[in-house]
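K.L.:
Please find one structure pasted underneath; my questions will follow.
The values are calculated or read from the model by the stated rules, or taken from the named source; none is laboratory data. Remember, it's a predicted structure, so these values are computed and weren't measured experimentally. Here the Cβ positions follow ideal geometry from the backbone for every residue, glycine too, while neighbour counts run over all protein chains shown. The protein model used for the area step is the full one, side chains on, heavy atoms only, and it has no ligands, DNA or RNA in it. Shrake-Rupley method; radii C 1.70, N 1.55, O 1.52, S 1.80 Å.
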Amino acid sequence: LSQWRAYGAGGGVALGLDVASLMEVCRADNWVLAKCIYAEDAQRKLLRLVSQTSLDAALRLSATGMAAADVEQHARAVFRAALAFASPFIKDESFHEEAEWRVVTQARSPIGDHVHFRASQSLLIPYT
């Protein structure tokens, strides 16, 4: 696989996980386990759903009589959140052979804003 050729030149490991246990942990912690999307048509469908979600939110709020500026602000927030959630599952079609799955959750930092990151040759390294 291309990922192993690119990142495993100096050695590496593969982890085998019990899928049922992983799914149970994901459900308990409100994480999402899903396949990456490589096909452009499926990616477009997902992004249309993201757009439709924010539009639906705007229409529902407009029907309540909320001020237009507040509706727009809320719809933008819904759009950003939905896009941030969907984005990690979208990969270029040239990587389809990886058949990657990802676990995604909302970012919550227990350590606050004082952690920074520096790039090494192949990964990000946190520091304070």
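K.L.:
Can you tell me the order of 28-34, 80-86 when each peptide is scored by its average per-residue count of other Cβ atoms within 10 angstrom, highest first? Mind dumping the intermediate values first?
P.N.:
On the way: 28-34: 11.6, 80-86: 15.1.
Ranked by mean Cβ neighbours within 10 Å, highest first: 80-86, 28-34.
K.L.:
State the volume of the convex hull built on the alpha-carbon positions of segment 38-128, expressed per residue in Å³ and rounded to an integer.
P.N.:
Taking only Cα atoms, segment 38-128 has a hull volume of 147 Å³ per residue.
K.L.:
Mind checking the full-extension length gain between Asp18 and Trp101? Use 0.36 nm per residue of separation minus the Cα-Cα distance, one decimal, nm.
P.N.:
Numbers: separation 83, 0.36 × 83 = 29.88 nm, distance 1.35 nm.
Between Asp18 and Trp101, full extension yields 28.5 nm more.
K.L.:
Can I ask one more? Obtain the nm distance between the two label points defined at Ala28 and Asp70 by a simple spin-label model: each point lies 7 Å from its Cα along the Cα-to-C-beta direction.
P.N.:
Placing both labels 7 Å along Cα→Cβ, they lie 4.1 nm apart.
K.L.:
Tell me, what is the per residue accessible area of segment 23-128 in Å², probe radius 1.4 Å?
P.N.:
77 Å²
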